[in-house]
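Visitor: First the structure, which I've put down as structure tokens, then a few questions once you've had a look.
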Amino acid sequence: MNADRESDKEQRGGDIVLRPVGVVRTSRTDATDDFWGGEVSTIELDASQFGPKAVRGLEEFSHLEVVFLFDRVDPKKVVTGARRPRGREDMPEVGIFAQRAKARPNRIAVSRCRLLSVDGLKLTVAELDAIDGTPVLDVKPWLVELGPRGDVRQPDWTREMMAYYFHE
């Protein structure tokens, strides 16, 4: 099986290397889990990689999907098994892929936020749950057609855990 994995890796061209497309600028410097409501941030796209054409038409969208890196999480603290979300004893122990924890493999985050304005390569957004200096890996417009189809199911404990996430 390891030979198959090495062969797959060789076919892909080796390790995956990503270059950030920009950085988050915001007053928030602490990666706490709640009270992201009302948070306004700017995504500064990298002018050495992009010009104004890269964001042409983006202002027509109300929401963005932002992919970013939890760069302040120590790779040695990444969880690959199960844990209690936020370390809370009142939460069930679930696998890392059954939660949205920061200390996850590859430390990648995906967040949806409101797009407030586009000014050159500066995107002003609301309720992006990323702290100042966070590397942005990608920005995409949110399309309703790509949202969930059918009923959405999630365990009750997640609603309790997220109760204050977007409170101000």
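Rule-based calculations on the coordinates, nothing more; no lab input. Given the structure is predicted, the values throughout are model-derived calculations rather than measurements. Here the Cβ positions follow ideal geometry from the backbone for every residue, glycine too, while neighbour counts run over all protein chains shown.
Visitor: Express in nm, to one decimal, how much length is gained between R112 and I16 on full extension, taking 0.36 nm for each residue of separation and deducting their alpha carbon distance. Walk me through the numbers before you get to the answer.
Guide: Numbers: separation 96, 0.36 × 96 = 34.56 nm, distance 2.41 nm.
That pair, R112 and I16, stretches by 32.1 nm at full extension.
Visitor: Quick one: net charge of S62's neighbours, Cβ under 15 Å, K/R +1, D/E -1?
Guide: Once positives and negatives cancel, what remains is -2.
Visitor: Still on this structure: How many nm is it between the label spots at L58 and R100, if each spot is 7 Å from the Cα in line with the beta carbon?
Guide: Spacing of the two 7 Å Cα→Cβ label points: 2.1 nm.
Visitor: For H63, what residues show an amide H to amide H distance below 5 Å, using hydrogens built from the backbone and excluding near sequence neighbours?
Guide: Placed amide hydrogens put L115, W142 under 5 Å from H63.
Visitor: Once you sort the root eigenvalues of the Cα gyration tensor of the stretch 83-168 as a ≥ b ≥ c, which label holds: rounded (a/c under 1.5), prolate (a/b larger than b/c) or oblate (the other case)?
Guide: Details: a/c = 1.97, a/b = 1.57, b/c = 1.25.
Here the stretch 83-168 falls in the prolate category.
Visitor: Still on this structure, I have one more. Once a ≥ b ≥ c are taken as the square roots of the eigenvalues of the Cα gyration tensor of the stretch 20-64, is the result rounded (a/c under 1.5), prolate (a/b larger than b/c) or oblate (a/b not larger than b/c)? Before the final figure, lay out the partial values.
Guide: Numbers: a/c = 3.47, a/b = 1.63, b/c = 2.12.
Note, shape of the stretch 20-64 comes out oblate.
Visitor: Right, another one. Quick one: what are the phi-derived ³J(HN,Hα) couplings along the stretch 52-57, Karplus 6.51/-1.76/1.60 with θ = phi - 60°, whole Hz, x for glycine and proline?
Guide: So the J values, rounded to whole Hz, are x, 5, 5, 10, 4, x.
Visitor: May I pose another question? Work out the count of Lys pairs in the chain where the Cα-Cα distance is under 19 Å, with the pair 8 or more places apart or on different chains.
Guide: Pairs that pass both the separation and distance tests number 5.
Visitor: Mind listing the phi-derived Karplus ³J(HN,Hα) values for the stretch 93-106, rounded to whole Hz, using 6.51, -1.76 and 1.60 with θ = phi - 60°, and x for any glycine or proline?
Guide: Computed from phi, the couplings for the stretch 93-106 are 6, 10, x, 4, 7, 9, 8, 10, 5, 6, 7, 10, x, 6 Hz.
Visitor: Multiply the residue gap between E168 and D151 by 0.36 nm, knock off their C-alpha separation, and tell me the result in nm, one decimal place.
Guide: Working: separation 17, 0.36 × 17 = 6.12 nm, distance 2.82 nm.
Length gained, E168 through D151: 3.3 nm.
Visitor: Compare the peptides 150-162, 16-28, 111-123 by average per-residue count of other Cβ atoms within 10 angstrom and give them in order, highest first.
Guide: 111-123, 16-28, 150-162
Visitor: If you plug each phi of the stretch 15-25 into the Karplus form 6.51 cos²θ - 1.76 cosθ + 1.60 with θ = phi - 60°, what whole-Hz ³J(HN,Hα) values come out, in order, with x for Gly and Pro?
Guide: 5, 8, 10, 10, 10, x, 8, x, 9, 8, 10
Visitor: Hey, another quick one. If I model a spin label at D46 and D74 as a point 7 Å from the Cα along the Cα→Cβ vector, what separation in nanometres do I get?
Guide: With each label point 7 Å from Cα toward Cβ, the separation is 2.8 nm.
Visitor: In addition: How many nm separate the modelled label positions at R25 and R84, each set 7 Å beyond the Cα in the direction of the Cβ?
Guide: Once both label points are built, they end up 4.1 nm from each other.
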